[in-house]
1. Place +1 on the Cβ of every Lys and Arg and -1 on the Cβ of every Asp and Glu in the chain, take the dipole about the Cα centre, and give the residue among 177, 118, 43 whose Cα lies farthest towards its positive end.
2. Taking Cα atoms, how many degrees apart are the long axis of helix 174-189 and the longest axis of the chain, rounded to 10 and kept between 0 and 90?
3. Please report, as a whole percent, how much of the solvent-accessible surface of the stretch 5-242 comes from carbon and sulfur atoms (probe radius 1.4 Å).
4. Before rounding to the nearest 500, sum -39500 (n - 2.57) across all DSSP H runs of length at least 4 in the chain and divide by the residue total; then give [θ] at 222 nm in deg cm²/dmol.
5. Using only the heavy atoms of the protein chains and a 1.4 Å probe, how would 74, 4, 120, 69 rank by accessible area, largest first?
6. Can you tell me which of 68, 162, 129 moves the most in a GNM of the chain? Springs connect C-alpha atoms under 10 Å apart.
7. Which lysines have a Cα less than 18 Å from the Cα of residue 14, not counting those fewer than 8 places away in the same chain?
8. Can you give the FRET efficiency for residue 205 and residue 115, using 1/(1 + (r/R0)^6), R0 = 45 Å, r = Cβ-Cβ distance, to the nearest 0.05?
Amino acid sequence: MAGDKLIEVKNLCKEFHGKKVLKNISIDINKGDVVCLIGPSGSGKSTFLRCLNKLEVADSGEILFEGVDICKKDVNIDLHRQKMGMVFQQFNLFPHMTVLDNLTIAPIKLQGVDANIAIDYAISLLEKVGLADRADEYQSKLSGGQQQRVAIVRALCMKPDVMLFDEPTSALDPEMVGEVLSVMKDLAEQKMTMVVVTHEMGFAREVANRVVFLDSGEFVEENEPKEFFTNPKNERLKIFLSKVL
Ligand code: ADP
Ligand code: MG
């Protein structure tokens, strides 16, 4: 699978009010990659992820997704987003719907999937994350860790080609972090392509095949995890790691 490009980012630039937030970012993401993005607060990690699914529009550069430049105006953005599951720090479930309805509404309404098929698929994924018995609950009855696992399943119900995670465990109580990371680890083992912004260095070390350090809008260093953490080269990365490890 190595070398089978899913996303090619070339010279991506983005600024807000004259402040350069992404400075000429380039990276290729291959099918099956688990890329962890780490870096200080404000370095542009979320903006980068948001550009990938066009929640932000890049100022210049190219993002080829499955060979199609999604920066072009005529791209079908709804179709594109269905191929990219996104999980945020905040869970964003619909509070007035049951878990099962949260999971099936988009496949049924946006993708035209038959309701029974959508329900069967959603339940099979809930089983995998240990939440089959919560299908009829509302968000308010679930713990933060359960809600985030449902949010991951909701993204998976669209059968995406890549999953983007933006600090998925940062809003959780510490005792719930592990259950969410464990679901993400399972996904990685199933060869899902994943781009994960995280402060969980243990996860990056154990699960990622590539770790990238973003600082002040630049990709400063990339390596496989062992080398990245034990033998950092860039001074800024060394300082960052000395604070977080
Ligand atoms: P990170 O996720 O690494 O913490 P962000 O991508 O959220 O960083 O933000 C990078 C920089 O861009 C920060 O200085 C932030 O204040 C700024 N920024 C992000 N989004 C916006 C926005 N919608 N409008 C203006 N400034 C923004
Ligand atoms: Mg962020």
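1. 43
2. Tilt of helix 174-189: around 90 degrees.
3. 49 percent
4. It comes out at -11500 deg cm²/dmol, rounded to the nearest 500.
5. In descending accessible area the options line up as 74, 120, 4, 69.
6. 68
7. 23, 45, 54, 72, 73
8. Efficiency at R0 = 45 Å is approximately 0.60.
The values are calculated or read from the model by the stated rules, or taken from the named source; none is laboratory data. Only a predicted model underlies this, so the values are computations on that prediction, with no experimental measurement involved. Note: ideal-geometry Cβ built from the backbone for every residue, glycine included; neighbour counts use all protein chains shown. For the accessible areas, the whole protein counts, side chains as well, though only heavy atoms, and no ligand, DNA or RNA atoms are used. Shrake-Rupley method; radii C 1.70, N 1.55, O 1.52, S 1.80 Å.
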